[in-house]
Amino acid sequence: MNLKDLKEIINEVKKEKEVLLPESRQIVEMSGFSRIRQIMLGQVPSVDSIGILTAENPDAIPASPQENRKFMNSLKLRLQDMGSGYTNIGGSFGSPEKSVFIMNVSRDDVVILGREFKQEAVIWGQKRRTKDGDPYYRFEYIEVESPDAPADVRNVSIGNADVQFLDDYYSEKSGRKFVIPFFDSRYEPESASQAEGGRRISFLEEEYKHIEESTPLVESINRRTCLLKEDNRTAKSKWHHRNILQVEMRKLKNLILLNKRAK
């Protein structure tokens, strides 16, 4: 190996180095997959919340690798200005994607960053405890344009052997994959409300036009349906809108069922 090659390797390592707050020195080992998994399982006392987001492909429009590198560098500089500790992670969401895993960050700040870097959604998690005192994380999938209520919630993250065989829609660190199974019905929290009967893919206007609460849902469903038809939109964005559309369809079905019972 010549000196030039060695310098390039050293520079790449420097670029990937984690940025840690002084009070987070005790988690300096978190560069690997195991440390991230410990955090996401609530096993690191010094970390009470996490955020995951990217700056790539703003406005859901595919950008070049060179542009995405600039976007990510800007995000990392922003995090340094905020004094937020983070580590770099990779993954694939319709296409390869680089993200940051931020420690001890507020929900508001993650949403602000998502809006600033023109992302459709961000992930935020907060450590909680069961009745027996065992720690776990509650993860929220948050649409940046309507952040008050999360689009989906999960109380589990997965990094087992089965996940390592995924070809898409996963995050990874040090070559090991992990997922938060948003929109996967097998992992819905017990408190999640379910509509009765089978899944509906369309509704007649007569079924909902007299239900006042249905108006914003119907408008959102129609808007997402149009977005899914756009060619110049990332696969990740279409995954995002397709899944939230299904959530909204279930909510609309519940409203229709409740309205019928009230008559």
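Summary of computed values
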quantity: Added length on full extension, which subtracts the Cα-Cα distance from 0.36 nm per residue, ASN222 to GLN38; calculated: 62.2 nm
quantity: Test item: Cα-centred dipole of the range 205-262, Lys/Arg +1 and Asp/Glu -1 on Cβ, debye; calculated: 340 debye
quantity: Residue-by-residue Karplus 3J(HN,Hα) for the range 151-157, coefficients 6.51, -1.76, 1.60, Hz, glycine and proline x; calculated: 5, 7, 9, 9, 9, 8, 10
quantity: Förster radius 22 Å - calculated FRET efficiency between ARG186 and ARG242 (Cβ-Cβ, nearest 0.05); calculated: 0.80
quantity: Part-to-part distance (alpha-carbon centres) for the range 98-146 and the range 33-91, which is given in Å; calculated: 11 Å
quantity: Cut-off 16 Å, label 7 Å out along Cα→Cβ of ASP162, residues of the range 122-148 by amide N; calculated: none
quantity: Ranking of TRP239, TRP124 by count of other Cβ atoms within 10 Å, fewest first; calculated: TRP239, TRP124
quantity: Size of electric dipole in the range 14-187: Cβ of Lys, Arg +1 and of Asp, Glu -1, about Cα centre, debye, nearest 20; calculated: 640 debye
quantity: Residue pairs, from the table LYS70/LYS238; LYS76/LYS229; LYS229/LYS260, whose Cα atoms sit over 31 Å apart; calculated: LYS76/LYS229; LYS229/LYS260
quantity: Inter-label distance for ALA63 and ILE211, nm, one decimal - labels placed 7 Å from Cα along Cα-to-Cβ; calculated: 4.0 nm
quantity: VAL156 long-range amide H proximity, modeled H, under 5 Å; calculated: PHE139
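Coordinate-derived values only; no laboratory data. Predicted model, so just to flag it, every value in this text is computed and none were measured. Note that we place each Cβ from the backbone using ideal geometry, even for glycine, and neighbour counts take in every protein chain shown.
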